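Trainee: Handing you this structure, nothing more for now.
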Amino acid sequence: MIDISSIANIPPFIIYFLGAALLPLFGKGSARKVYLILLAVVGLIGVAVLEPHVGWVFPVLPGLDLTFLYVDRLSLIMGYIFAIIGAAAILYSLDIVKENGELMCGLLYLGSAMGAVFAGDFFTLYIFWEIMAFASLGLIWYTRTERATKAGMRYILFHLFGGCALLAGIIINYMGTGAISLVPGALGIGHFPVELGLGYFLLLIGIGVNTAFIFLHTWLPDSYPKATLAGAVFMCVFTTKTGVYVLARTFPGAELPLLGSDVPFLAYMGGLMCIYGVVFALLQNDVRKLLSYHIISQVGYMVAGVGIGMVIAQGEITHMGINGGIAHVFNHILYKALLFMCMGAVIYRTGKRNLTELGGLAKKMPVTMITCVIAALSISGVVGFNGFVSKGMVIHAAELSHMHILTLVLMLGSIGTLLSFLKLTYFTFFKRNDEIEAKEAPLFMLIPMCVVAFLCIAFGVYPQLLYAILPYPVVLYDAYTLAHIVSNLELLAVTTFMFFAFRVLIMPHERITYDIDYIYRKAGRGIIWFCEKPLTAFASAMDRGVHRLTDSAVWFSRNPAAASVVLITATCTKLRNPFASEDNGQERDRKEEKPQLVDEPMEKLSIGAGVMIVLLFFAIYLIVMFIHGWLSP
């Protein structure tokens with residue numbers, strides 16, 4: 001059944017897909033700007049009017065329906081933040097994107113992310129999952145540099161691998177459980193039933209690629225810094241956060257039976273991502289690569305929250321972990337998009353992207369500096385900003401679950417995050433650099449930056465705005481307790497002191513830092529060498545051997561009698577004198593005689609001789625059968 005009776009029932013992806021299709025009709029001037037602004041507004045309205053329901057259901061096979069619109073509280077909060085940042089990214093791109101193709105890729109990327117979070121079944125989700133991968137690839141390749149082209153190839157290879165794993169997991173799980181729909185029996189926040197087995201692990205790997213699990217993460221810091229300036233704003237939002245959303249649907253509180261005990265591997269994977277991303281971010285010189293590693297770190301908080309899942313506290317079951325993870329998705333999208341917008345503005349005006357080349361921009365780009373500082377304070381979880389609320393929820397969920405190691409790791413991640421963004425803001429805006437030339441960013445870049453900065457403060461000062469749209473009611477948590485505020489300010493003071501006291505240890509440098517992808521690339525080159533050298537040599541040797549064998553068979557078949565004489569003669573000669581040189585005259589004469597003998601016409605046998613040979617063959621055959629007992633009943 002397809003319910004399309006009102007705008008409230010239109011899947012949001014249709015708005016953006018249709019917008020991308022019509023974009024070329026408006027050229028590249030003012031008409032295009034007006035059209036894109038209206039499209040951003042319509043997209044916001046299209047999500048704002050949605051209410052929990054199921055619609056746009058297409059029966060495909062008996063018991064198999066494709067559902068293109070499933071709205072519940074979990075998909076709604078994702079739709080809200082995607083529409084907000086989608087609109088901001090569209091405005092940001094108005095002055096700096098010249099080609100319609102790049103904007104179309106951005107709109108298709110945004111639309112496919114919307115399609116994924118409002119999908120009501122896993123097959124529909126998979127369709128949009130793959131569109132996301134190919135649409136975002138265009139945002140990398142539109143940079144039109146050799147490095148971007150190669151990074152794009154590595155990016156799509158990773159996502160093709162993840163997509164294949166996801167599809168295989170969906171099919172295997174469907175064959176085992178018959179479950180494909182994400183819509184529960186009664187409308188609410190349902191979870192896809194996953195049966196432990198091969199399908200379980202393939203689903204986890206497929207989702208893990210998009211969510212940037214450690215060992216599956218290298219596509220992210222490799223490709224995001226090479227995307228276009230506007231493209232990076234789109235890319236920092238949708239892929240990883242859609243992955244977290246699917247984790248919340250499929251693996252909330254997931255445990256892995258290991259050595260007889262249940263290990264909350266998803267929660268600890270989040271902790272590993274958190275600390276790993278921070279460490280590598282501190283080592284970066286490229287500003288967008290630093291931000292890319294912090295996506296991995298911040299997604300770690302989300303994954304940890306989803307992995308913690310439900311928490312029993314004071315005799316009451318709460319969903320503190322999932323609420324915290326999804327709240328951090330919402331807040332992270334705001335401040336991370338703002339950070340990429342700010343650094344994009346810096347690169348746009350200066351042409352420089354390394355911290356060693358920047359500095360002195362506080363007076364030249366004051367609005368960009370202020371919005372960047374707000375984003376840095378937000379991602380660092382400073383009191384009064386939105387990151388303080390959601391990061392505190394995840395850490396509080398870990399404390400209530402008595403995961404002491406995870407709690408410590410998440411707190412260390414907070415320290416590293418603050419150090420990273422003290423480094424970023426100081427060396428970009430406040431370090432002295434009298435040689436740099438710059439001016440403030442264009443108006444259409446500044447407007448979304450200021451709006452998103454305002455939202456970072458609004459959701460931090462008044463977190464009830466966020467609590468009201470979370471998937472579950474928020475209980476047993478108050479962000480602004482005195483103890484939480486004091487501990488946060490202490491952490492801020494100590495980390496700031498560490499930065500200025502030991503600044504020399506985290507000074508930006510020109511050295512290359514190697515990630516796990518160094519091993520992958522070395523292994524890949526080794527495989528290519530093996531295929532090109534030993535394997536090719538072996539194949540060539542086999543080919544030559546088969547050709548020799550074939551030539552010998554042809555040579556023998558021309559005149560078997562003469563060929564047999566030649567072979568017997570050669571064998572006897574070799575046996576008589578095995579160490580004789582093959583270069584003597586007699587051997588040369590024999591080699592010259594060999595083809596001549598065989599090429600002569602074969603003498604015809606008489607009929608009687610032929611009959612005798614056939615009878616002899618059958619006699620030998622009967623003897624063999626008798627010896628082996630083949631004639632026994």
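Trainee: Just wondering, is there one or more residues in the range 327-344 that are more than 21 Å from the chain's Cα centre (by Cα), on the phi < 0 side of the Ramachandran plot, in the same structural domain as Y467 (by TED's automatic domain parsing) and surrounded by fewer than 24 Cβ atoms within 10 Å (Cβ to Cβ)?
Mentor: No, the conditions are met nowhere in the range 327-344.
Trainee: Among the listed residues V409, V474, which satisfies the condition of being in a helix (DSSP H, G or I) and not assigned by TED's automatic domain parsing to the domain that holds V71?
Mentor: V409
Trainee: Inspect all residues belonging to the range 51-62 and state whether any of them is within 26 Å of L137 (Cβ to Cβ) and of a type in the set (D, E).
Mentor: Narrowing the range 51-62 to residues within 26 Å of L137 (Cβ to Cβ): none.
No, that holds for no residue.
Trainee: While we're looking at this one, here's another question. Would you mention how many residues in the range 43-70 are touching a strand residue (DSSP E or B) at 6+ places or on another chain (Cβ under 8 Å) and under 30 Å from L339 (Cα atoms)?
Mentor: Total satisfying the criteria: 1.
Trainee: Looking only at the range 33-47, count every residue that is exposed (fewer than 13 other Cβ atoms within 10 Å of the Cβ) and closer than 30 Å to I180 by Cβ and tell me the total.
Mentor: 0
Trainee: Another question about this same structure. Between a residue in the range 239-254 that is on the phi > 0 side of the Ramachandran plot and any residue that is in a helix (DSSP H, G or I), which pairs come within a Cβ distance under 9 Å, given they are 6 or more apart or on different chains?
Mentor: Between residues of the range 239-254 that are on the phi > 0 side of the Ramachandran plot and residues that are in a helix (DSSP H, G or I), the close pairs are G253/L266; G253/A267; G253/V306; G253/G307; G253/I308; G253/G321; G253/I322.
Trainee: For the range 123-149, which positions are farther than 17 Å from A232 by Cβ and either of a type in the set (D, E, K, R) or in contact with a Gly (Cβ under 9 Å, 6 or more places away or on another chain) (or both)?
Mentor: Listed by number, the residues that qualify are T124, L125, Y126, I127, F128, W129, E130, I131, E146.
Trainee: State whether one or more residues within the range 268-278 are part of a helix (DSSP H, G or I), within 21 Å of the chain's Cα centre (by Cα) and hydroxyl-bearing (S, T, Y).
Mentor: Checked against the condition, which is being part of a helix (DSSP H, G or I), within 21 Å of the chain's Cα centre (by Cα) and hydroxyl-bearing (S, T, Y), the range 268-278 yields at least one hit.
Trainee: Only one of these conditions is not met by P59: (1) part of a strand (DSSP E or B); (2) buried (at least 20 other Cβ atoms within 10 Å of the Cβ). Which number is it?
Mentor: Only one criterion is unmet by P59, namely (2).
Trainee: Return only the number of the condition from (1) surrounded by 19 or more Cβ atoms within 10 Å (Cβ to Cβ); (2) within 17 Å of the chain's Cα centre (by Cα); (3) modelled with pLDDT under 95 that L110 does not satisfy.
Mentor: (3)
Trainee: Then there is this: Take L66 and decide whether it is outside any helix (DSSP H, G or I) and either hydrophobic (A, V, I, L, M, F, W, C) or in contact with a Pro (Cβ under 9 Å, 6 or more places away or on another chain) (or both).
Mentor: yes
Trainee: Here's another thing I want to ask about it. Of all residues in the range 135-153, which are surrounded by fewer than 19 Cβ atoms within 10 Å (Cβ to Cβ), part of a helix (DSSP H, G or I) and either touching a residue at least 60 places away in the same chain (Cβ under 8 Å) or among the hydroxyl-bearing types (S, T, Y) (or both)?
Mentor: Those that are surrounded by fewer than 19 Cβ atoms within 10 Å (Cβ to Cβ), part of a helix (DSSP H, G or I) and either touching a residue at least 60 places away in the same chain (Cβ under 8 Å) or among the hydroxyl-bearing types (S, T, Y) (or both): R147, T149.
The values are calculated or read from the model by the stated rules, or taken from the named source; none is laboratory data. Treat the numbers as computed from the prediction; the structure is a model and nothing was measured. Quick reminder, even Gly has a Cβ in these numbers, built from the backbone with ideal geometry, and neighbours come from all protein chains shown.
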